[in-house]
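The structure appears right after this line, and notes come after that.
Please treat every number below as a calculation from the coordinates, not as lab data. Values in this document were obtained by computation on a predicted structure and should not be read as measured data. Glycine also receives a Cβ, built like all others from the backbone with ideal geometry; neighbour counts cover every protein chain displayed.
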Amino acid sequence: MVGRAYAIFDTAIGRCGIIWSGTGVVAVQLPEAREIDTRRRIFQVHPEAREQRPSENAELAIEGITGLLQGHDPDFSEVSLDAGGVPGFDRRVYEYTCSIPRGETRTYHEVARALGASGASYSVAQAIAKNPFMLIVPCHRVLEAGNYTDRLSPYGGVISKRRLLALEGAHPIASKTLFEVLLPVAPPRARDARHHVADDALDHGIRVSLRCGPRRQAVCGMPHRSFHRLCPLRQLRLPLPRRLLRAGGGLDADRRPRRGIHLHA
């Protein structure tokens, strides 16, 4: 066969596409919202491919994909892949991913460490995000830190990692919320006297934020300006109990709390 070809086939989750060459499978496209969208996606990425009857190797891949989506555990070891355009590191990631048993998951960091490149978690994530061999290379079994499910590669169509893992009996943590994405918690830092004052104030039912300058983080983990926007009573200041003042190192001459401690009802 000269050039590339593709075929559309039925599965338990919808009509998928497979693209192959004389060397092996080039890509697997999971269903988009409509079959016409799936065909459009194939044409955009592989405009030279023509629809044909599946080759023997492609038929073997289709049989395995169909079985996997029906809850079986197929063996893709006999399926040849055309990885001519895949970078070397990405190939290593895909080879390791194929060794992850059905029903189990790994994080990007665990894959990087297994490959002897513990600092390459981001590169692993990028390789997984570009995986063209959907399901043959089970990239849905590789998750973010904390076992959060993120998006599949563009070849994943409208299917989620969570749905594919559910078919295999795995139960990952749900995707991150918008709050977790936009307002990540700041890494912990060494505590100082002001934090101990804040702890005592909280024991008395008083909300405390420690302002540390525009380039630092507040105790709550958000930039201090964002925190104060969430506090409509930010202008309200309350006097500290005497015990708290002693713990905080005393008062200034004008009997006001030291700069950096702001109290909110």
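For segment 5-167, what does the relative contact order come out to in percent, with C-alpha contacts under 8 Å and a separation of six or more?
24
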Between R34 and R50, what is the label-to-label distance in nm when each label sits 7 Å out along the Cα-to-Cβ direction?
-> 2.7
Long-range amide H partners of T107 with built H, under 5 Å = L143
At a Förster radius of 22 Å, what calculated FRET efficiency corresponds to the Cβ-Cβ distance of S77 and E104, to the nearest 0.05?
-> 0.75
The extension gain from I8 to F43, computed as 0.36 nm times the residue separation minus the Cα-Cα distance, is 11.4 nm
Rounded if a/c is under 1.5, else prolate if a/b is larger than b/c, else oblate: which is segment 1-86, with a ≥ b ≥ c the root eigenvalues of its Cα gyration tensor?
-> oblate
Using modelled amide H (1.01 Å from N, peptide plane; none on Pro or chain starts), what sits under 5 Å from the amide H of V137, excluding residues fewer than 5 places away?
-> none
Within segment 1-136, percent of DSSP bridges classed antiparallel, to nearest 5 = 75
Counting other Cβ atoms within 10 Å, keep those with at most 16, restrict to DSSP loop, and tell me which GluC sites (Glu not before Pro) in segment 68-159 are left.
-> E78, E104
